[in-house]
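A short worksheet on the structure shown next.
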Amino acid sequence: MPKHEIHPDKWIDLYADYLFNYTVTRVSDREIAQDLVQDTFLAGLKSMKNFKGEASERTWLISILKRKIIDHYRKINSNKGKAEVRIQYNDAESEGDWLEERVADPFDKTAEDSMQNSELGDAIHNCLGKLPKKQANVFKMKTVLNYETEVICNELNITASNLWVIIHRARTAMADCLKENWF
Amino acid sequence: MPCDEANHVCDKSQYKEASLLEKIKLNLHLIYCKACRGYSKNNAKLTKRIEAAELECLDPKCKEDMKKDLEKALKEQLH
(Lines give C-alpha, C1' and ligand atoms only; values in the text may rest on other atoms or scores of the structure.)
Protein backbone atom coordinates (compact mmCIF):
# COMPACT_ATOMS: atom_id res chain seq x y z
CA MET A 1 0.00 0.00 0.00
CA PRO A 2 1.45 3.37 -0.94
CA LYS A 3 2.29 5.57 2.02
CA HIS A 4 0.46 8.84 2.31
CA GLU A 5 2.52 11.98 2.34
CA ILE A 6 2.04 15.19 4.23
CA HIS A 7 1.91 18.65 2.63
CA PRO A 8 0.93 21.34 5.14
CA ASP A 9 1.19 24.09 2.53
CA LYS A 10 -1.83 22.59 0.74
CA TRP A 11 -3.95 21.91 3.80
CA ILE A 12 -6.08 25.06 3.65
CA ASP A 13 -7.01 24.67 0.00
CA LEU A 14 -7.68 20.97 0.29
CA TYR A 15 -9.27 20.51 3.69
CA ALA A 16 -10.31 23.82 5.31
CA ASP A 17 -13.88 23.77 3.98
CA TYR A 18 -14.32 20.09 4.68
CA LEU A 19 -13.11 20.42 8.28
CA PHE A 20 -15.14 23.59 8.77
CA ASN A 21 -18.33 21.94 7.53
CA TYR A 22 -17.64 18.97 9.81
CA THR A 23 -17.15 21.26 12.81
CA VAL A 24 -20.04 23.67 12.23
CA THR A 25 -22.56 20.82 12.23
CA ARG A 26 -21.16 19.74 15.59
CA VAL A 27 -20.63 22.99 17.48
CA SER A 28 -23.29 25.14 15.75
CA ASP A 29 -21.21 28.31 15.89
CA ARG A 30 -19.24 29.56 12.91
CA GLU A 31 -16.65 31.50 14.88
CA ILE A 32 -15.89 28.68 17.28
CA ALA A 33 -15.77 26.26 14.35
CA GLN A 34 -13.28 28.47 12.55
CA ASP A 35 -11.04 28.62 15.62
CA LEU A 36 -11.19 24.86 16.09
CA VAL A 37 -10.22 24.27 12.46
CA GLN A 38 -7.31 26.68 12.78
CA ASP A 39 -6.22 24.99 16.02
CA THR A 40 -6.38 21.65 14.26
CA PHE A 41 -4.05 22.77 11.48
CA LEU A 42 -1.58 24.21 13.99
CA ALA A 43 -1.71 21.06 16.10
CA GLY A 44 -1.22 19.00 12.95
CA LEU A 45 1.85 21.03 12.13
CA LYS A 46 3.31 20.41 15.56
CA SER A 47 2.73 16.68 15.44
CA MET A 48 3.73 16.19 11.80
CA LYS A 49 6.45 13.84 12.97
CA ASN A 50 3.80 11.49 14.28
CA PHE A 51 2.13 11.18 10.90
CA LYS A 52 2.92 7.66 9.81
CA GLY A 53 1.24 7.80 6.44
CA GLU A 54 -1.06 4.89 7.17
CA ALA A 55 -4.21 6.97 6.92
CA SER A 56 -4.80 9.81 4.49
CA GLU A 57 -3.91 13.32 5.54
CA ARG A 58 -7.59 14.18 5.76
CA THR A 59 -8.42 11.25 8.04
CA TRP A 60 -5.49 12.17 10.24
CA LEU A 61 -6.58 15.82 10.47
CA ILE A 62 -10.16 14.77 11.26
CA SER A 63 -8.89 12.65 14.14
CA ILE A 64 -7.13 15.71 15.59
CA LEU A 65 -10.22 17.83 15.01
CA LYS A 66 -12.44 15.32 16.80
CA ARG A 67 -10.30 15.67 19.90
CA LYS A 68 -10.43 19.47 19.62
CA ILE A 69 -14.23 19.34 19.48
CA ILE A 70 -14.43 17.13 22.56
CA ASP A 71 -12.01 19.46 24.37
CA HIS A 72 -14.23 22.36 23.42
CA TYR A 73 -17.28 20.72 24.99
CA ARG A 74 -15.28 19.86 28.10
CA LYS A 75 -14.17 23.46 28.37
CA ILE A 76 -17.64 25.01 28.08
CA ASN A 77 -18.81 22.51 30.63
CA SER A 78 -16.18 23.48 33.18
CA ASN A 79 -16.75 27.18 32.45
CA LYS A 80 -20.37 26.93 33.32
CA GLY A 81 -19.67 25.33 36.66
CA LYS A 82 -21.00 22.31 38.36
CA ALA A 83 -24.67 23.11 37.98
CA GLU A 84 -24.38 22.16 34.35
CA VAL A 85 -23.17 18.65 35.15
CA ARG A 86 -26.38 17.76 36.88
CA ILE A 87 -28.31 16.90 33.78
CA GLN A 88 -31.09 14.58 34.79
CA TYR A 89 -32.16 11.62 32.82
CA ASN A 90 -35.91 11.45 32.67
CA ASP A 91 -36.17 7.78 33.42
CA ALA A 92 -34.02 5.65 35.64
CA GLU A 93 -33.19 3.18 32.90
CA SER A 94 -31.22 5.58 30.75
CA GLU A 95 -27.65 5.82 31.73
CA GLY A 96 -24.36 6.84 30.26
CA ASP A 97 -21.88 9.60 30.13
CA TRP A 98 -23.90 12.67 29.30
CA LEU A 99 -20.86 14.60 28.12
CA GLU A 100 -19.96 12.06 25.46
CA GLU A 101 -23.56 11.93 24.35
CA ARG A 102 -23.66 15.64 23.84
CA VAL A 103 -20.50 15.52 21.80
CA ALA A 104 -21.89 12.80 19.62
CA ASP A 105 -25.18 14.51 18.95
CA PRO A 106 -25.27 18.13 20.02
CA PHE A 107 -27.88 19.32 17.53
CA ASP A 108 -31.63 19.35 17.52
CA LYS A 109 -32.28 17.17 14.53
CA THR A 110 -32.88 13.48 14.87
CA ALA A 111 -29.74 11.40 14.71
CA GLU A 112 -30.79 9.78 11.47
CA ASP A 113 -31.40 13.08 9.73
CA SER A 114 -28.07 14.50 10.69
CA MET A 115 -26.26 11.31 9.82
CA GLN A 116 -27.74 11.39 6.34
CA ASN A 117 -26.92 15.07 6.09
CA SER A 118 -23.32 14.59 7.04
CA GLU A 119 -22.94 11.64 4.66
CA LEU A 120 -24.37 13.74 1.87
CA GLY A 121 -22.20 16.65 2.98
CA ASP A 122 -19.11 14.42 2.86
CA ALA A 123 -20.05 13.21 -0.60
CA ILE A 124 -20.51 16.77 -1.84
CA HIS A 125 -17.22 17.89 -0.32
CA ASN A 126 -15.46 14.94 -1.93
CA CYS A 127 -16.85 15.96 -5.32
CA LEU A 128 -15.90 19.58 -4.69
CA GLY A 129 -12.38 18.36 -3.98
CA LYS A 130 -12.19 16.89 -7.47
CA LEU A 131 -13.03 20.17 -9.23
CA PRO A 132 -10.24 22.44 -10.47
CA LYS A 133 -9.45 24.97 -7.76
CA LYS A 134 -10.94 28.00 -9.51
CA GLN A 135 -14.15 26.17 -10.40
CA ALA A 136 -14.50 24.96 -6.84
CA ASN A 137 -13.95 28.47 -5.49
CA VAL A 138 -16.50 30.12 -7.73
CA PHE A 139 -19.03 27.37 -7.15
CA LYS A 140 -18.68 27.54 -3.37
CA MET A 141 -18.93 31.32 -3.28
CA LYS A 142 -22.04 31.30 -5.45
CA THR A 143 -23.80 28.20 -4.17
CA VAL A 144 -22.77 27.72 -0.56
CA LEU A 145 -21.89 31.23 0.60
CA ASN A 146 -24.66 32.72 -1.59
CA TYR A 147 -22.61 35.72 -2.67
CA GLU A 148 -24.05 38.03 -5.31
CA THR A 149 -22.69 37.50 -8.81
CA GLU A 150 -21.31 41.03 -8.79
CA VAL A 151 -19.41 40.51 -5.54
CA ILE A 152 -17.76 37.33 -6.83
CA CYS A 153 -16.84 39.00 -10.12
CA ASN A 154 -15.19 41.90 -8.30
CA GLU A 155 -13.38 39.69 -5.86
CA LEU A 156 -11.99 37.30 -8.47
CA ASN A 157 -11.70 39.84 -11.26
CA ILE A 158 -13.83 37.95 -13.78
CA THR A 159 -16.81 38.97 -15.94
CA ALA A 160 -20.34 37.78 -15.31
CA SER A 161 -20.27 35.63 -18.43
CA ASN A 162 -16.99 34.04 -17.23
CA LEU A 163 -18.71 33.31 -13.96
CA TRP A 164 -21.65 31.57 -15.60
CA VAL A 165 -19.39 29.46 -17.80
CA ILE A 166 -17.45 28.35 -14.71
CA ILE A 167 -20.68 27.67 -12.81
CA HIS A 168 -22.01 25.61 -15.72
CA ARG A 169 -18.87 23.46 -15.85
CA ALA A 170 -18.84 23.03 -12.10
CA ARG A 171 -22.53 22.06 -11.97
CA THR A 172 -22.10 19.55 -14.78
CA ALA A 173 -19.10 17.97 -13.04
CA MET A 174 -20.82 17.98 -9.64
CA ALA A 175 -23.95 16.32 -11.02
CA ASP A 176 -21.82 13.64 -12.71
CA CYS A 177 -19.85 13.06 -9.55
CA LEU A 178 -22.92 12.73 -7.32
CA LYS A 179 -25.01 10.79 -9.83
CA GLU A 180 -23.90 7.33 -8.83
CA ASN A 181 -24.92 7.41 -5.18
CA TRP A 182 -27.14 10.40 -4.64
CA PHE A 183 -29.38 11.01 -7.66
CA MET B 1 -33.75 29.32 -27.93
CA PRO B 2 -30.52 27.39 -28.65
CA CYS B 3 -29.30 24.68 -26.25
CA ASP B 4 -26.41 26.63 -24.72
CA GLU B 5 -28.76 29.48 -23.88
CA ALA B 6 -31.29 27.05 -22.43
CA ASN B 7 -28.63 25.58 -20.16
CA HIS B 8 -27.50 29.04 -19.13
CA VAL B 9 -31.06 30.01 -18.16
CA CYS B 10 -31.41 26.72 -16.34
CA ASP B 11 -28.22 27.51 -14.36
CA LYS B 12 -29.49 30.99 -13.55
CA SER B 13 -32.83 29.68 -12.39
CA GLN B 14 -31.02 27.45 -9.84
CA TYR B 15 -30.06 30.72 -8.16
CA LYS B 16 -33.47 32.33 -8.82
CA GLU B 17 -31.87 34.76 -11.24
CA ALA B 18 -33.81 33.87 -14.40
CA SER B 19 -36.60 36.21 -15.54
CA LEU B 20 -40.14 34.99 -16.14
CA LEU B 21 -39.74 35.36 -19.91
CA GLU B 22 -36.51 33.36 -19.81
CA LYS B 23 -38.19 30.62 -17.84
CA ILE B 24 -41.08 30.43 -20.30
CA LYS B 25 -38.64 30.19 -23.22
CA LEU B 26 -36.68 27.52 -21.37
CA ASN B 27 -39.79 25.43 -20.78
CA LEU B 28 -40.77 25.68 -24.43
CA HIS B 29 -37.30 24.51 -25.38
CA LEU B 30 -37.48 21.60 -22.95
CA ILE B 31 -40.66 20.30 -24.61
CA TYR B 32 -38.75 19.28 -27.73
CA CYS B 33 -35.11 18.94 -26.49
CA LYS B 34 -34.30 15.72 -24.68
CA ALA B 35 -30.65 16.58 -23.93
CA CYS B 36 -31.57 19.81 -22.14
CA ARG B 37 -34.37 18.04 -20.28
CA GLY B 38 -31.72 15.70 -18.89
CA TYR B 39 -29.47 18.56 -17.89
CA SER B 40 -32.34 20.47 -16.26
CA LYS B 41 -33.38 17.43 -14.26
CA ASN B 42 -29.87 16.77 -12.91
CA ASN B 43 -29.28 20.44 -12.29
CA ALA B 44 -32.42 20.72 -10.16
CA LYS B 45 -31.43 17.58 -8.24
CA LEU B 46 -28.01 19.04 -7.54
CA THR B 47 -29.64 22.16 -6.10
CA LYS B 48 -31.90 20.05 -3.88
CA ARG B 49 -29.05 17.87 -2.61
CA ILE B 50 -26.92 20.87 -1.77
CA GLU B 51 -29.79 22.48 0.12
CA ALA B 52 -30.47 19.24 1.99
CA ALA B 53 -26.83 18.91 3.04
CA GLU B 54 -26.85 22.39 4.63
CA LEU B 55 -23.26 22.85 3.57
CA GLU B 56 -20.97 25.33 5.22
CA CYS B 57 -17.86 26.87 3.74
CA LEU B 58 -15.30 29.32 4.94
CA ASP B 59 -15.14 32.78 3.48
CA PRO B 60 -12.20 33.03 1.01
CA LYS B 61 -10.72 35.97 2.95
CA CYS B 62 -10.80 33.95 6.11
CA LYS B 63 -9.03 31.10 4.34
CA GLU B 64 -6.31 33.51 3.22
CA ASP B 65 -5.79 34.58 6.84
CA MET B 66 -5.59 30.97 7.94
CA LYS B 67 -3.04 30.30 5.21
CA LYS B 68 -0.86 33.17 6.41
CA ASP B 69 -0.99 31.96 10.01
CA LEU B 70 -0.15 28.43 8.99
CA GLU B 71 2.74 29.53 6.78
CA LYS B 72 4.11 31.62 9.64
CA ALA B 73 3.86 28.71 12.05
CA LEU B 74 5.51 26.41 9.51
CA LYS B 75 8.42 28.80 9.07
CA GLU B 76 8.88 29.16 12.82
CA GLN B 77 8.91 25.43 13.17
CA LEU B 78 11.56 24.93 10.51
CA HIS B 79 13.93 27.45 12.14
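The values are calculated or read from the model by the stated rules, or taken from the named source; none is laboratory data. What you are looking at is a predicted structure, and each value in this text was computed from that prediction instead of being measured. In this analysis, Cβ positions are derived from the backbone assuming ideal geometry, glycine residues included, and neighbour counts consider all displayed protein chains. When the accessible area is computed, the model is the full protein with side chains, heavy atoms only, and any ligands, DNA or RNA have been set aside. Shrake-Rupley method; radii C 1.70, N 1.55, O 1.52, S 1.80 Å.
Return the pair list, or none, for Cβ contacts closer than 9 Å from residues in the range B:13-25 that are among the aliphatic types (A, V, I, L, M) to residues that are open to solvent by less than 40 Å² (accessible area, probe 1.4 Å) and part of a helix (DSSP H, G or I), at least 6 apart or on different chains.
From the range B:13-25, the pairs are B:18/B:9; B:18/B:10; B:18/B:11; B:18/B:12; B:18/B:26.
Can you name every residue in the range A:32-53 that is modelled with pLDDT of 90 or more and either over 18 Å from residue B:68 (Cβ atoms) or part of a loop (DSSP other than H, G, I, E, B) (or both)?
A:32, A:33, A:36
Can residue B:73 be described as surrounded by fewer than 17 Cβ atoms within 10 Å (Cβ to Cβ), closer than 29 Å to residue A:10 by Cα and at the interface with chain A (Cβ under 8 Å from one of its Cβ atoms)?
Yes; evaluated as a whole, the condition is true for this residue.
For the range B:26-45, indicate whether the set of residues that are open to solvent by less than 20 Å² (accessible area, probe 1.4 Å), within 10 Å of chain A (Cβ to nearest Cβ) and either under 25 Å from residue A:35 (Cα atoms) or touching a residue at least 24 places away in the same chain (Cβ under 8 Å) (or both) is non-empty.
Yes, the range B:26-45 contains at least one residue that is open to solvent by less than 20 Å² (accessible area, probe 1.4 Å), within 10 Å of chain A (Cβ to nearest Cβ) and either under 25 Å from residue A:35 (Cα atoms) or touching a residue at least 24 places away in the same chain (Cβ under 8 Å) (or both).
Please find, within the range A:15-42, the residue that is surrounded by the fewest Cβ atoms within 10 Å (Cβ to Cβ) out of those that are among the aliphatic types (A, V, I, L, M) and at the interface with chain B (Cβ under 7 Å from one of its Cβ atoms).
Checking each candidate, the answer is A:42.
From the list A:12, A:69, which residue is open to solvent by less than 80 Å² (accessible area, probe 1.4 Å), within 14 Å of another protein chain (Cβ to nearest Cβ) and modelled with pLDDT of 90 or more?
On inspection, the qualifying residue turns out to be A:12.
When you go through (1) more than 13 Å from every other protein chain (Cβ to nearest Cβ); (2) surrounded by 15 or more Cβ atoms within 10 Å (Cβ to Cβ); (3) modelled with pLDDT under 90 one by one for residue A:121, which number turns out not to apply?
Status for residue A:121: all satisfied but (1).
Every residue in the range A:132-147 that is facing chain B (nearest Cβ under 10 Å) and of a type in the set (D, E, K, R), please.
Of everything in the range A:132-147, those that are facing chain B (nearest Cβ under 10 Å) and of a type in the set (D, E, K, R) turn out to be A:140, A:142.
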